[in-house]
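Reading through the structure tokens given below for one structure.
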Number of protein chains: 2
Amino acid sequence: MEKGGLSVTQAAAVARVIVAGERDACKSHGIYRIEGVLRTLKAGKVQGAAEPYVVPGAKPTIVRVNAAHGFSNPAFELGAPLLAERAKQIGIATLVINDCTHFAALWPEIEALTELGLAAMALCPNYSTVAPAGGTHPLLGTNPFAFGWPRPGRTPYVFDFATSMVARGEIELHRRAGKPLLLGWAIDGGGAPTTDPEAALAGALLPFGGHKGSAISTMIELLGGILIGDLTSNESLDHLGTTTLSPSHGELIIAFSPDAFSSGRDGDPFARAEALFEAIAGQGARLPSQRRFDARAKAESEGIALSSAEVELLNRLLDKGLDAVA
Amino acid sequence: MEKGGLSVTQAAAVARVIVAGERDACKSHGIYRIEGVLRTLKAGKVQGAAEPYVVPGAKPTIVRVNAAHGFSNPAFELGAPLLAERAKQIGIATLVINDCTHFAALWPEIEALTELGLAAMALCPNYSTVAPAGGTHPLLGTNPFAFGWPRPGRTPYVFDFATSMVARGEIELHRRAGKPLLLGWAIDGGGAPTTDPEAALAGALLPFGGHKGSAISTMIELLGGILIGDLTSNESLDHLGTTTLSPSHGELIIAFSPDAFSSGRDGDPFARAEALFEAIAGQGARLPSQRRFDARAKAESEGIALSSAEVELLNRLLDKGLDAVA
């Protein structure tokens, strides 16, 4: 990524989340993303040498970091320690990231905060690919919603999911494989339910959970876009003009101090949460992210295996930098 | 309710949400609830003369109100102005209600905050009636999740829904009508999907949206129970020993100041939100709560109509107080 023109600040923070993705067998957020990062840079839609900065003058519960039109990742790394310190001091605090290019999963950020003993929620828009429930056209993004709770000495309770039924990439995979979609994933350009990937790509994805998921996705547009004075999914798509590059928008992260909130009440919140997790896992239900954590344990003992095609990709990018991407 | 032994403080706050329910044609939170209120009082599971109080010493972002084992509603009314003032001062603030009996919808609370120009999120556990996705037994509650955004001069953007596919009352209505359930609403006592209401009542409800809804419901146990040092749905059921009375637990309400969060950024957040709402409604999708607001407009011009059976119920309760309930 440095070869392509990213500063060390940008490249290192982006590399950390890409390595975390590979480590956890999240291929969709792994090294495959490097090309997209370079493509967005080449298109002039991200500032490769941006230096994120803390915006002065925000209210005491708000740590506001401006990504200076660089990637969200170095902005998060700058703001996270300030957010954690603030939440521990005053109970709840927020990290607002503005003017960033965003392509990463939210769980690396959630986990960085749970490691500091905080519960955390993160959300952001994307670009318009999802119709609101009952609607006919793309308006909402796949708007991820993530939450975590610390488990001292263990991997945390973490979920991080798209508020669409499936990711747009899933539709594309079905198209390439010539496989029909499940009903309920998407609608065609006329707003009618479809199982045809081509028709779905010309139409819209659907939110998970019907009108409830649609309402949550709308909440994410409001909190992760409008509240923080940054772009909605619709505005982000207008701004970018394509869904082939990483979108520009903001992000909202909320950190809660369990120590502060449970102060003066009976019971240790971390021990009580363990009882809840045991009751879930004890009846055969999986805790979210368990597959990721299993892959992580394997990678930590055996290393991360790349295919020869992946190694070739890395070598080509290392050799040619921006010239390697369209 | 005073006849039954509730103090004016308790009765008035409870009456306000019950009237709001009737006004909005939310019969499930209307006068039908009065019997349940009195039944819970008669069983000694709520303190009818409780005086909620602000707990001193909380961190600056936390307004903590102890309901003193009364209903949540007067505790909310005590804490809401303090929460709103705090959120406007510092950006984000929370209202923690502890030691309350809870039976009300969350939208009256959300709307009280949107009327003050704040965005708000509210959540609380319930008692265990819902199996986690992939599980076999009731553990989670129907755990409501509510959010609102102010629309100056108009009814707000508000959603308030159970994180189960349907409410337990819906299963009971199907049982009485001899109608099968939809597949996906519930499982039987052995954890297998069922459409039989009797089997479902002996089994568990299912969360909305599969593992995503299940994760959100678990988040609500963590934030609305364990974080704030109050009961989870499982503990609440243990404490009460039945699902026929109103449950005891806490509640978490988070208020966001759009003015504070958008400060220094381009665009007016309220005007920008209107553009989003227009884009949703403009493609034929309904904004949440619209049916409620339509009913409200009707009630405000025509009054609230009660059936003769409902009037008889009210007269019987007025005449006999606690003796009228089992």
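Figures for the structure shown
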quantity	calculated
Rounded to whole Hz, the Karplus (6.51, -1.76, 1.60) HN-Hα couplings of region B:274-281, x for glycine and proline	4, 4, 5, 5, 5, 5, 6, 5
Model label zone, B:Q89; criterion: amide N under 12 Å from point 7 Å along Cα-to-beta-carbon; scope region A:52-69	A:60
Computed log₁₀ I(q)/I(0) - Debye formula, equal Cα scatterers, no solvent, region A:37-95, q 0.16, 0.22, 0.25 Å⁻¹	-0.53, -0.80, -0.93
Closest approach to the A/B rotation axis among chain A Cβ atoms, residue and whole-Å value	A:G209, 2
Region A:224-326: equivalent-ellipsoid semi-axes (sqrt of 5 x gyration tensor eigenvalues, Cα, Å)	39, 28, 13
Karplus-derived HN-Hα couplings along region A:108-121 (A = 6.51, B = -1.76, C = 1.60, θ = phi - 60°), whole Hz, x at Gly and Pro	x, 6, 4, 5, 4, 7, 5, 4, 9, x, 10, 7, 8, 10
Computed over region B:43-106: relative contact order in percent, which uses C-alpha pairs under 8 Å that are six or more apart	35
Size of electric dipole in chain B: Cβ of Lys, Arg +1 and of Asp, Glu -1, about Cα centre, debye, nearest 20	160
Reach of B:K179 by Cα under 20 Å, taken over aspartates and glutamates that are not fewer than 8 positions away in the same chain	B:E170, B:D188, B:D196, B:E198
Residue with peak Gaussian network fluctuation, chain B [Cα springs, cutoff 10 Å], from B:V158, B:V63, B:V166	B:V166
Choice from B:T94, B:T114, B:T195 with maximal GNM fluctuation in chain B (Cα, 10 Å cutoff)	B:T195
DSSP-defined beta bridges in region B:48-139 - what % are antiparallel, rounded to 5	25
Computed helical MRE - 222 nm, chain B, DSSP H runs ≥ 4 contributing -39500 (n - 2.57), nearest 500	-12500 deg cm²/dmol
Label point 7 Å beyond Cα along the C-beta direction, distances from B:R151 to other copies (nm, shortest first)	4.2
Within chain B, percent of DSSP bridges classed antiparallel, to nearest 5	80
Other protein chain Cβ atoms within 10 Å, averaged over every residue that makes up A:135-142	3
Computed over region A:61-214: relative contact order in percent, which uses C-alpha pairs under 8 Å that are six or more apart	18
Entries in B:K42/B:K320; B:K3/B:K298; B:K27/B:K212; B:K27/B:K320; B:K3/B:K45; B:K59/B:K212 that, when Cα-Cα distance is taken, lie over 20 Å	B:K3/B:K298; B:K27/B:K212; B:K27/B:K320; B:K59/B:K212
Amide N proximity, region A:223-242 versus B:R151 label position 7 Å along Cα-to-Cβ, cut-off under 17 Å	A:223, A:226-227
Segment A:A297-A:E2, length gained on full extension (0.36 nm per residue, minus Cα span)	103.3 nm
Rounded to 5, the percent of DSSP beta bridges in region A:103-213 classed as antiparallel	95
Rg and Dmax of region A:15-115, Cα atoms only, in Å	14.4, 43
Relative contact order %, chain B, counting alpha carbon pairs below 8 Å whose residues are six or more apart	20
Copies compared at B:T242 - label distances in nm, ascending, label defined 7 Å from Cα in the Cβ direction	6.6
Gaussian network model of chain B, Cα within-10 Å springs - most flexible of B:A67, B:A15, B:A255	B:A15
Length released on extending from B:L322 to B:T195, taking residue separation times 0.36 nm less the Cα-Cα span	42.0 nm
Other protein chain Cβ atoms within 10 Å, averaged over every residue that makes up A:247-257	2
Cα gyration tensor shape for chain A, rounded if a/c is under 1.5, else prolate or oblate	rounded
³J(HN,Hα), Karplus 6.51/-1.76/1.60, whole Hz, each residue of region A:89-99, x for Gly, Pro	6, 10, x, 9, 8, 10, 10, 9, 9, 10, 6
Cβ-derived FRET efficiency at R0 35 Å, A:R286 paired with B:R286, nearest 0.05	0.55
Per-bin percent of Cα-Cα distances, the protein assembly as shown [20 Å]	18, 54, 24, 3, 0
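A short reminder: the numbers here are calculations on the coordinates, not readings from a lab. Source: prediction; values computed, not measured. Quick reminder, even Gly has a Cβ in these numbers, built from the backbone with ideal geometry, and neighbours come from all protein chains shown.
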